[in-house]
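Beneath this line is the structure, given in structure tokens, with notes to follow.
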Number of protein chains: 2
Amino acid sequence: MKKLINDPQSVVDESVEGFGLAHADLVTVHADPKYVLRTDAPVAGKVALVSGGGSGHEPLHAGFVGLGMLDAAVPGAVFTSPTPDQIIPATTAVDSGAGVIHIVKNYTGDVLNFETAAEMAQAEGVHVRTVLVNDDVAVEDSLYTAGRRGVGGTVLVEKIAGAAAERGDDLETVLAVAERVNRNVRSMGVALSACTVPHAGAPSFDLADDEIEIGIGIHGEPGRHRIAMENADGITDRLLQPVLEDLRVDSGEKVLLFVNGMGGTPQSELYIVFRRAAQILNDRGITVQRSLVGNFVTSLEMQGCSISVLRLDDEFTELWDAPVHTAALRWGI
Amino acid sequence: MKKLINDPQSVVDESVEGFGLAHADLVTVHADPKYVLRTDAPVAGKVALVSGGGSGHEPLHAGFVGLGMLDAAVPGAVFTSPTPDQIIPATTAVDSGAGVIHIVKNYTGDVLNFETAAEMAQAEGVHVRTVLVNDDVAVEDSLYTAGRRGVGGTVLVEKIAGAAAERGDDLETVLAVAERVNRNVRSMGVALSACTVPHAGAPSFDLADDEIEIGIGIHGEPGRHRIAMENADGITDRLLQPVLEDLRVDSGEKVLLFVNGMGGTPQSELYIVFRRAAQILNDRGITVQRSLVGNFVTSLEMQGCSISVLRLDDEFTELWDAPVHTAALRWGI
């Protein structure tokens, strides 16, 4: 295992500390228990958004803390849910009285810990509502979930719901927007190589030199099937087809097309995938009105990508275009 | 070789095409000869900036085309200079009459081809000036250069000179700004793993499981020395020390600290490197006034990073903060 780390046990501590040093204008890092806050939290009168999950998916979630997106992010150990003792103080710290929404990727550990934290925060007088993100069409149940996993769509939920909160929507309205994004986004991924969790020290699974895993999870958990290596267009077809079928997007509709890198794949390859996906959508009469290409929900240094498609309406497009100022997404400001 | 590509020969064509589809609001792609233009080029009265080089370093350079940065980017084959027949039409296309600056990384092929193109464009009546970027302190001469190589500092030259052009500076003034950035920035990189050029099909060099290359070039060309794997703090010290010595930055000065990923390294690790580098600068009484962390000048899927330090003055900081709207860097707009 060759990694730019010191002690495998201190990876998250040191990485989050470095993140705080690099983006001191945007975030305040609380070291123990660990969470990352917008510097201006709590924002008076604003519904606050809190997300979190295992580390190793950076820039998710701390990279999305800032104006127009999250008020707090709660990083767990690598590929491990954060604990209630982190989530609770993050939740109370960002609450201005307008309430807090937990954006939770659907993994059993995350669901349980955010649920516990929500109950405790409620007991302290914070109105907490939760949106579960479960956009991965690859598998119905998985190694770590009952039901579908939350993957790339999480970024889109955080951006669009974040914009709704920033414009002053109340708790139930922001929740409804977040749930509506989740209902209208679908994703699927592929792995060309495994990744190595630092404290494990060895690759989390094996893929032969001529093998890829279709429908991979963001922790390297199994997907739909392993197949022989194919070219980019073939792989893109295999990812996009189930996404479009499940989303039932029709000719004449508008979408946001998101090609997400798993961490170890060059950007040039992501654009080759984007090209094919855009061609398919175009051939079906579906308009790619917005796009996002890059490493946003990663699995350490895994090679591969995921494709997400979000059905757009005028409100989603307006909220997508609204100003955002975070470490990983920024525009209009 | 597992890559998200179709034909190794069409990687650049398809990737640039996908880039154009994803960012049609920002760029126009000219397919043959291949170059990427700002959609609104030529911008009346503005000095134009053209850069380019081998592909495989994405987002460099096409990812920096747009308001406040480049007017055109000219992508060559992977790790191969673009040819004059690409550079000439890109240069004439962006010239509004105010002249064009070629931003050229110091590699023999790039220098020759941009020189030829500049002469030809001059013959067509375009005022062309050239800035050579040579910020890499690792080696004095290298496999592909006479003199130092141009690496991470290129992004900073493009951003700051781009802002000078956007505010209306004339040709000689923009050139002077670009040269001044180059004189005040130094970089050095490390590789933990090699990368594979698609049409070569095999890794460009071998590194043992316990070995890293200090002072690596962005094409995998040799650096200063191979050493046994060290921890992130030790590696950071080895990169930053020569950078600071060469730059002769003193206590009380302000810098921009740029930790650049080589493509295959997780963002979490880049922040561990940033943390240590920021600590060292802080200990020396040097203020990290601006920061940049991410994959900006890559070597395909190589694992590793580079550290660049730019000495800031008020003008540089103002130009750095000026609005920019490109695929890879965006703020203020």
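Within the range B:12-59, track down each residue that is in contact (Cβ under 8 Å) with a residue 24 or more places away in the chain, more than 14 Å from chain A (Cβ to nearest Cβ) and of a type in the set (S, T, N, Q).
B:Ser51
Please return the ranges of strands (runs of 3 or more DSSP E) entirely within the range A:9-78 where 3 or more residues are open to solvent by less than 10 Å² (accessible area, probe 1.4 Å) and touching a strand residue (DSSP E or B) at 6+ places or on another chain (Cβ under 8 Å).
A:48-55, A:72-78
I'd like the full set of residues that are over 20 Å from A:Thr154 (Cα atoms) and part of a helix (DSSP H, G or I), limited to the range A:95-116.
Result: A:Thr116, single match.
Among the residues of the range B:179-200 satisfying the criterion of being among the small types (Gly, Ala, Ser) and touching a residue at least 40 places away in the same chain (Cβ under 8 Å), which is nearest to the other protein chains (Cβ to nearest Cβ)?
Result: B:Ser193.
Of the residues in the range B:88-139, how many are charged (D, E, K, R) and within 21 Å of B:Asp169 (Cβ to Cβ)?
Residues meeting the conditions: 2.
Does A:Asp206 fit the bill of being among the charged types (D, E, K, R), more than 17 Å from the chain's Cα centre (by Cα) and away from chain B (no Cβ under 14 Å)?
No: the conditions fail for A:Asp206.
Would the range A:306-314 turn up any residue that is facing chain B (nearest Cβ under 10 Å), buried (at least 24 other Cβ atoms within 10 Å of the Cβ), in a strand (DSSP E or B) and among the hydrophobic types (A, V, I, L, M, F, W, C)?
no
Checking the condition more than 13 Å from chain A (Cβ to nearest Cβ), of a type outside the set (Gly, Ala, Ser), farther than 18 Å from A:Ser15 by Cβ and assigned to a loop (DSSP other than H, G, I, E, B), which residue from B:Asp246, B:Asp250 passes?
B:Asp250
Which residues, taken from the range B:89-110, are open to solvent by 30 Å² or more (accessible area, probe 1.4 Å), out of contact with any Asp or Glu (no Cβ under 7 Å at 6 or more places or on another chain) and β-branched (Val, Ile, Thr)?
Correct list: B:Thr108 only.
Restricting attention to the range B:221-234, which residues are open to solvent by 10 Å² or more (accessible area, probe 1.4 Å), more than 9 Å from every other protein chain (Cβ to nearest Cβ) and under 25 Å from the mean Cα position of the chain (by Cα)?
Matches in the range B:221-234: B:Pro222, B:Gly223, B:Arg224, B:His225, B:Arg226.
State yes or no: is B:Val259 aliphatic (A, V, I, L, M), open to solvent by 10 Å² or more (accessible area, probe 1.4 Å), closer than 19 Å to B:Leu300 by Cα and touching a residue at least 24 places away in the same chain (Cβ under 8 Å)?
no
One line per residue, one yes/no per condition, for (1) more than 11 Å from chain B (Cβ to nearest Cβ); (2) under 19 Å from A:Phe64 (Cα atoms); (3) open to solvent by 20 Å² or more (accessible area, probe 1.4 Å):
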site	(1), (2), (3)
A:Arg284	yes, no, yes
A:Gly304	no, no, no
A:Ala322	yes, yes, yes
A:Ala327	no, yes, yes
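Restricting attention to the range B:177-210, and to residues there that are open to solvent by 50 Å² or more (accessible area, probe 1.4 Å) and not in a loop (DSSP other than H, G, I, E, B), which single residue is nearest to B:Ser306 (Cα to Cα)?
Among them, the one singled out is B:Arg183.
If I filter the range B:152-168 for residues that are within 30 Å of B:Ile235 (Cβ to Cβ), part of a loop (DSSP other than H, G, I, E, B) and open to solvent by less than 40 Å² (accessible area, probe 1.4 Å), do I get at least one hit?
yes
The values are calculated or read from the model by the stated rules, or taken from the named source; none is laboratory data. The model shown is predicted, which means the values in this text are computed figures rather than measured ones. FYI the Cβ positions are ideal-geometry reconstructions off the backbone, even for glycines, and counts take in every protein chain you see. Side chains included, ligands, DNA and RNA excluded: accessible areas come from the protein's heavy atoms. Shrake-Rupley method; radii C 1.70, N 1.55, O 1.52, S 1.80 Å.
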